[in-house]
Amino acid sequence: MTVMDADRAVAAPADVGASIAISNVTVVYGAGGTEPVTALKNINLQVKDGEFVSLIGPSGCGKSTLLKVVSDLMRPTGGQVTIAGASPSQMRKAGRLGLVFQQANLMPWLTIRRNIGLLKSLVKGHGGKVSTTGASAEELLDVVGLTGFGDKFPHQLSGGMQQRAALARALALDPAVLLMDEPFAALDEITRDRMAFELMRVWQQYRKTVLFVTHSLGEAVLLSDRVVLMSPRPGRIHRVFEIDLPRPRTPETRLTEGFSKLVLELNRELYEVMS
Ligand code: ADP
Ligand code: MG
């Protein structure tokens, strides 16, 4: 399949109801070079509207690559992705993709309020349409627990608070999906734990579809409706775990037998794919 085909693609009937449809996606880095790396091979995954799905697996199994393909940061070598029936590129240009990475990447010379509003003004500045249903910067500050910090600058905030601001910035365009690549990896353990619950609260409120990369098994089980375990060389989906723990999930959820069983099972399979 060529890049053009992927751009023109519409959702196949089987994709109806899927917020994100990943079909036969293959990514080869350095194709044509001496030592091409097949980062992803024939990935198929459907993420339902409002679903929270985590990607987990050993380093190098292609988690970030898959997120890059979905977020239009790169084109796959083969296969296609549709988001709400449109191509990632169409969705990105329409400002419908919310991205959060390990680093908050806030603009140091702008206040937190202006950082949150930045993408909106960028999309408008490029003549794009901006969703009017999105929350205001003030509401978003409240939602992510930064009430009263709108006039501060990034360096005046802790790492956890900067990540909250990055989440608010991603939500500002009222995205169809939130794509998060190890968003809490740079935070200390306690902050990270708090952020997981904050994210769940925001997710319950907005019901965004979330594709979330983490290397923490506990975090994946706690947050997700499904956990996708990937295996490396080449990156493939090894197994998909349904996380049928009741919601809302609380710190006590982690003390339940159901939770421990899932983490243990995931751990066992992870060792299998690494051996
Ligand atoms: P993960 O996020 O699961 O750690 P990545 O998606 O970053 O995995 O990488 C998957 C594989 O692709 C790895 O073998 C990595 O070395 C390779 N890779 C990633 N980015 C590039 C690139 N820009 N050029 C060449 N190889 C790459
Ligand atoms: Mg990665």
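Structural descriptor for region 215-265: relative contact order 34 percent, calculated from alpha carbon pairs under 8 angstrom and at least 6 residues apart.
Net charge in the neighbourhood of ASP72 (other residues with Cβ under 9 Å of its Cβ; Lys, Arg +1, Asp, Glu -1) is +4. I'd like the FRET efficiency for GLN204 and GLU35, computed as 1/(1 + (r/R0)^6) with the beta carbon distance as r and R0 of 41 Å, rounded to 0.05. Efficiency at R0 = 41 Å is approximately 0.35.
When each of the peptides 23-31, 102-110 is scored by how many other beta carbons lie within 10 Å of its residues on average, the order from highest to lowest is 23-31, 102-110. For the cross-link pairs LYS120/LYS208; LYS41/LYS63; LYS93/LYS120; LYS93/LYS208; LYS48/LYS208; LYS41/LYS93, the ones whose C-alpha atoms lie over 21 Å apart are LYS41/LYS93. Residue-normalised convex hull volume from the C-alpha trace of the chain: 141 Å³ per residue.
Near the amide H of GLY79, within less than 5 Å, lie the amide hydrogens of THR26, all on another chain or at least 5 residues away, with H placed in the peptide plane. Largest mean-square fluctuation among SER224, SER71, SER158, in a Gaussian network model of the chain whose springs join Cα atoms under 10 Å apart, belongs to SER158. If the chain linking MET74 and LEU264 were pulled fully straight, counting 0.36 nm for each residue of separation and taking away their Cα-Cα distance, it would gain 65.0 nm. Summing charges over all other residues whose Cβ lies under 14 Å from the Cβ of ALA168, with Lys and Arg as +1 and Asp and Glu as -1, gives +3. Between GLU35, GLU198, GLU51, which gets the highest mean-square fluctuation from a Gaussian network model of the chain, Cα cutoff 10 Å? Among GLU35, GLU198, GLU51, the largest mean-square fluctuation in the Gaussian network model of the chain belongs to GLU35. The string of couplings for region 40-57 from the Karplus curve (6.51, -1.76, 1.60, θ = phi - 60°) is 9, 10, 6, 7, 10, 7, 10, 10, 6, 4, x, 7, 10, 10, 9, 10, 9, x Hz, one whole number per residue in order, with x for Gly and Pro.
Taking amide hydrogens as placed 1.01 Å from N in the peptide plane, the amide H of LYS152 sits under 5 Å from those of ILE112, ARG113, each at least 5 positions away in sequence or on another chain. When you restrict to C-alpha pairs under 8 Å that are six or more residues apart and normalise by the size of the chain, the relative contact order lands at 24 percent. The packing ranking, built from the mean of other Cβ atoms within 10 Å per residue, places the peptides 168-179, 231-242 in the order 168-179, 231-242, highest first. For the chain, the 222 nm mean residue ellipticity estimated from helices alone, with every DSSP H stretch of n ≥ 4 adding -39500 (n - 2.57) and the total spread over all residues, rounds to -10500 deg cm²/dmol.
Coordinate-derived values only; no laboratory data. Every value quoted in this text rests on a predicted model; they were computed, and no experiment measured them. For neighbour counting, all protein chains shown are included, and Cβ atoms are generated from backbone atoms with ideal geometry for every residue, glycine included.
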